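*Asks:* There's a structure below that I have some questions on.
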């Protein structure tokens with residue numbers, strides 16, 4: 001078994017290791033390739049402007065992330081064509097289906113880029129050009145393979161003329177029209193061929209040679225060699241199908257959330273929230289649900305005070321089934337001496353009077369953290385988008401306190417976990433200020449916290465979320481609050497979101513953690529804004545366009561009638577933005 005996924009850069013350690021394996025395959029299988037050409041692969045992915053190609057790297061990897069094969073595709077937006085630079089299987093792994101799967105994926109990508117077609121080079125199957133019988137058989141096999149897809153050499157040009165007289169096995173220029181049955185005209189083909197020779201071989205091919213090859217193109221439109229190997233089979237065509245797994249949104253669901261079911265009248269944070277969202281998002285086909293892993297409590301205690309975590313766990317363990325304790329006494333005058341009785345001590349660790357402690361609160365909150373960490377782990381494995389669909393929520397949970405239906409800050413735990421591998425930006429788009437996230441990272445510069453929320457003069461938690469709260473010490477200017485008016489529509493929100501995203505981009509993070517609140521929706525019982533499904537899709541598209549490895553953690557959202565529909569629109573927009581070709 002293997003999967004194909006896209007490698008965007010070498011920032012994640014796993015992807016850096018994958019690229020190193022690919023570079024070694026290049027050394028082994030392309031011995032004439034210079035070390036400089038091999039070494040520049042990571043920069044080709046990161047810096048398309050320098051190379052005048054937007055480079056795309058696909059890797060076929062096994063269960064243990066070993067490289068089975070890879071393909072390097074270049075796209076030229078200015079001329080609207082794609083060029084397949086390399087496609088190869090690891091040594092001794094040819095014939096395992098990797099080449100076919102990779103080529104199919106390359107074709108899909110070229111189509112999604114709206115390319116006129118896919119160009120690439122292939123060594124000749126003509127014994128006059130390639131006298132080596134062993135190499136000739138290999139060339140025949142490759143050209144037969146590509147012909148099954150309708151890809152054939154371009155004829156009546158001097159492309160296969162050797163740069164140095166006497167050199168043998170000069171490559172054909174092969175064209176795959178991607179099933180469109182349209183061939184490029186002479187003028188466009190000349191521009192494309194010149195671009196290939198200049199951008200790929202500019203240091204090797206003299207100008208006179210390039211001019212000669214380009215001038216030899218006279219057919220209008222360009223002509224391809226007649227089928228030589230595939231007589232009866234129609235060309236393989238791309239079929240619409242589900243999203244490739246590596247491009248899916250990883251989905252982790254708190255499978256223990258239902259044990260935290262508070263039946264008191266008016267308690268909005270109910271299990272039906274998860275069911276409403278799942279019912280709408282799973283049929284979209286862009287999610288891949290994975291098993292939730294168990295993680296050590298040390299990840300929680302990395303962001304929460306250990307005394308608070310130990311208390312929370314202990315008090316829940318002594319609660320009787322079906323009973324809840326609500327904090328009602330708070331240490332305004334003396335916060336140095338917590339009460340002896342654990343239920344009374346709830347107010348020492350809480351910020352409000354409506355977040356209960358009960359038998360299952362710790363178990364449900366711990367599992368929510370496990371969901372967020374599992375999604376973050378998948379991001380480190382190379383996936384680009386992950387969604388932890390959890391309850392209870394977490395962004396109101398501070399270092400030393402719980403509240404606002406929140407007990408443990410899942411988003412903060414995931415952000416800290418990812419911060420080991422590079423800077424992290426947390427964007428909180430819940431209607432309410434993420435006071436817990438702000439509190440946890442207030443003195444850190446490696447995690448940027450940005451929150452868009454209702455102004456604390458009218459919105460919970462009331463005592464935090466002001467613009468002048470910008471961080472402290474090393475964290476100064478790394479906490480951004482954008483409090484908004486009581487009435488906001490979708491267009492007004494998008495202007496503010498664009499401002500927040502510019503701040504995130506300026507931070508240049510390696511990862512994004514998104515605290516997703518759907519309580520910004522029209523009619524939500526805890527909010528006052530007017531966002532509709534189309535607004536959520538637009539917002540998702542804007543966030544996805546950052547193209548950052550992203551973990552989404554569910555926070556608020558309590559209008560059950562529209563909750564799932566809004567979630568579906570948001571994630572379709574997020575996926576579209578992350579995979580758009582702009």
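*Asks:* Filter the range 1-20 down to residues that are touching a residue at least 60 places away in the same chain (Cβ under 8 Å) and either surrounded by fewer than 19 Cβ atoms within 10 Å (Cβ to Cβ) or within 22 Å of residue 109 (Cα to Cα) (or both), then give me how many there are.
*Replies:* Step one: list which residues in the range 1-20 are touching a residue at least 60 places away in the same chain (Cβ under 8 Å), which gives 1-8, 11-15, 18.
Narrowing the set further to residues that are either surrounded by fewer than 19 Cβ atoms within 10 Å (Cβ to Cβ) or within 22 Å of residue 109 (Cα to Cα) (or both) leaves 1-8, 11, 13-15, 18.
Count: 13.
*Asks:* When only residues in the range 159-172 that are over 42 Å from the mean Cα position of the chain (by Cα) and surrounded by 13 or more Cβ atoms within 10 Å (Cβ to Cβ) count, which is farthest from residue 135 (Cα to Cα)? If you could, list the steps in order and put the result at the bottom.
*Replies:* Our first condition is that a residue be over 42 Å from the mean Cα position of the chain (by Cα); within the range 159-172, this holds for 161-168.
Pick out the ones that are also surrounded by 13 or more Cβ atoms within 10 Å (Cβ to Cβ) and you get 161-163, 168.
Working: 161: 18, 162: 17, 163: 20, 168: 11 Å.
That would be 163.
*Asks:* Among 518, 546, which is outside any helix (DSSP H, G or I) and more than 19 Å from residue 275 (Cα to Cα)? Talk me through it step by step, then tell me what you get.
*Replies:* Working: 518 fails: more than 19 Å from residue 275 (Cα to Cα).
Sole residue among the options that is outside any helix (DSSP H, G or I) and more than 19 Å from residue 275 (Cα to Cα): 546.
*Asks:* Looking at 99, 66, 117, which one is touching a residue at least 24 places away in the same chain (Cβ under 8 Å), surrounded by fewer than 18 Cβ atoms within 10 Å (Cβ to Cβ) and in the same structural domain as residue 196 (by TED's automatic domain parsing)? Can you show your working first?
*Replies:* Working: 99 fails: surrounded by fewer than 18 Cβ atoms within 10 Å (Cβ to Cβ); 117 fails: surrounded by fewer than 18 Cβ atoms within 10 Å (Cβ to Cβ).
Just one listed residue meets the conditions, 66.
*Asks:* For the range 374-395, which positions are assigned to a helix (DSSP H, G or I) and at pLDDT 95 or above? Step through it out loud before you land on a result.
*Replies:* Within the range 374-395, the subset assigned to a helix (DSSP H, G or I) is 374-380.
Result: 374, 375, 376.
*Asks:* Next up: Do the conditions hold for residue 541, that is, is it over 23 Å from residue 14 (Cβ atoms), in the same structural domain as residue 278 (by TED's automatic domain parsing) and either under 22 Å from the mean Cα position of the chain (by Cα) or assigned to a helix (DSSP H, G or I) (or both)?
*Replies:* Values: over 23 Å from residue 14 (Cβ atoms): yes; in the same structural domain as residue 278 (by TED's automatic domain parsing): yes; either under 22 Å from the mean Cα position of the chain (by Cα) or assigned to a helix (DSSP H, G or I) (or both): yes.
Here the answer is yes, as residue 541 does meet what is asked.
*Asks:* Ok, one more. For residue 233, are the conditions met, namely being at pLDDT below 85, farther than 30 Å from residue 571 by Cα and either under 38 Å from the mean Cα position of the chain (by Cα) or surrounded by fewer than 15 Cβ atoms within 10 Å (Cβ to Cβ) (or both)?
*Replies:* Working: at pLDDT below 85: yes; farther than 30 Å from residue 571 by Cα: yes; either under 38 Å from the mean Cα position of the chain (by Cα) or surrounded by fewer than 15 Cβ atoms within 10 Å (Cβ to Cβ) (or both): yes.
Judged against the criteria, residue 233 is a match.
*Asks:* Hey, can you tell me all the residues within the range 21-43 that are within 17 Å of residue 202 (Cα to Cα), surrounded by 14 or more Cβ atoms within 10 Å (Cβ to Cβ) and without any contact (Cβ under 8 Å) to a residue 12 or more places away in the chain?
*Replies:* 37, 40
*Asks:* Shifting gears a bit: Consider residue 527 carefully, then state whether it is surrounded by 17 or more Cβ atoms within 10 Å (Cβ to Cβ) and either not assigned by TED's automatic domain parsing to the domain that holds residue 112 or not in a loop (DSSP other than H, G, I, E, B) (or both).
*Replies:* Judged against the criteria, residue 527 is a match.
*Asks:* Could you please find all residues in the range 308-330 being at pLDDT 95 or above and more than 25 Å from residue 556 (Cβ to Cβ)?
*Replies:* The answer is 310, and nothing else.
*Asks:* Could you grab me the full set of residues in the range 549-559 that are outside any strand (DSSP E or B) and surrounded by 24 or more Cβ atoms within 10 Å (Cβ to Cβ)?
*Replies:* Kept after step one, since they are outside any strand (DSSP E or B), are these residues of the range 549-559: 549, 555-559.
Those that are outside any strand (DSSP E or B) and surrounded by 24 or more Cβ atoms within 10 Å (Cβ to Cβ): 549, 555, 556, 557.
Results for (1) outside any loop (DSSP other than H, G, I, E, B); (2) surrounded by fewer than 16 Cβ atoms within 10 Å (Cβ to Cβ); (3) in the same structural domain as residue 367 (by TED's automatic domain parsing); (4) touching a residue at least 12 places away in the same chain (Cβ under 8 Å), shown as yes or no for each residue.
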| site | (1), (2), (3), (4) |
| --- | --- |
| 273 | yes, no, yes, yes |
| 283 | yes, yes, yes, no |
| 292 | no, no, yes, yes |
| 309 | yes, no, yes, yes |
| 314 | yes, yes, yes, yes |
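*Asks:* Continuing with the same structure: Inside the range 122-153, can you point out the residues that are in a loop (DSSP other than H, G, I, E, B) and farther than 19 Å from residue 105 by Cα? Step through it out loud before you land on a result.
*Replies:* Going through the range 122-153, the residues in a loop (DSSP other than H, G, I, E, B) turn out to be 123-132, 148-151.
Within the range 122-153, 123, 124, 125, 126, 127, 128, 129, 130, 131, 132 meet the criteria.
Rundown of residues vs (1) surrounded by 16 or more Cβ atoms within 10 Å (Cβ to Cβ); (2) at pLDDT below 95; (3) within 41 Å of the chain's Cα centre (by Cα); (4) assigned by TED's automatic domain parsing to the domain that holds residue 82, yes/no style:
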{"position": "131", "(1), (2), (3), (4)": "no, yes, no, yes"}
{"position": "135", "(1), (2), (3), (4)": "no, yes, yes, yes"}
{"position": "148", "(1), (2), (3), (4)": "yes, yes, yes, yes"}
{"position": "157", "(1), (2), (3), (4)": "yes, no, no, yes"}
{"position": "182", "(1), (2), (3), (4)": "no, yes, yes, yes"}
{"position": "196", "(1), (2), (3), (4)": "yes, no, yes, yes"}
{"position": "200", "(1), (2), (3), (4)": "yes, yes, yes, yes"}
{"position": "211", "(1), (2), (3), (4)": "no, no, no, yes"}
{"position": "238", "(1), (2), (3), (4)": "no, yes, yes, no"}
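*Asks:* Follow-up question, since we're still on this one. Select from the range 396-407 the residues that are part of a strand (DSSP E or B) and surrounded by fewer than 24 Cβ atoms within 10 Å (Cβ to Cβ) and list them in ascending order.
*Replies:* Residues of the range 396-407 that are part of a strand (DSSP E or B), as a first pass: 402-403, 406.
Matches in the range 396-407: 403 only.
*Asks:* In addition: Output the number of residues of the range 408-421 satisfying the condition of being surrounded by fewer than 24 Cβ atoms within 10 Å (Cβ to Cβ), touching a residue at least 24 places away in the same chain (Cβ under 8 Å) and part of a loop (DSSP other than H, G, I, E, B). Show your work before the answer.
*Replies:* Kept after step one, since they are surrounded by fewer than 24 Cβ atoms within 10 Å (Cβ to Cβ), are these residues of the range 408-421: 416, 419-421.
Still in the list and also touching a residue at least 24 places away in the same chain (Cβ under 8 Å): 416, 419, 421.
Now restrict to residues that are part of a loop (DSSP other than H, G, I, E, B): 421.
The number of residues fulfilling the criteria is 1.
*Asks:* Can you confirm whether residue 577 is closer than 23 Å to residue 377 by Cα, touching a residue at least 12 places away in the same chain (Cβ under 8 Å) and buried (at least 23 other Cβ atoms within 10 Å of the Cβ)? Let's see the steps before the verdict.
*Replies:* Numbers: closer than 23 Å to residue 377 by Cα: yes; touching a residue at least 12 places away in the same chain (Cβ under 8 Å): yes; buried (at least 23 other Cβ atoms within 10 Å of the Cβ): no.
Taking the combined requirement at face value, the residue does not satisfy it.
The values are calculated or read from the model by the stated rules, or taken from the named source; none is laboratory data. The structure presented is a predicted model; accordingly, all values stated were derived computationally and were not measured. Cβ sites come from the backbone with ideal geometry, for glycine too, and all protein chains shown count toward neighbours.
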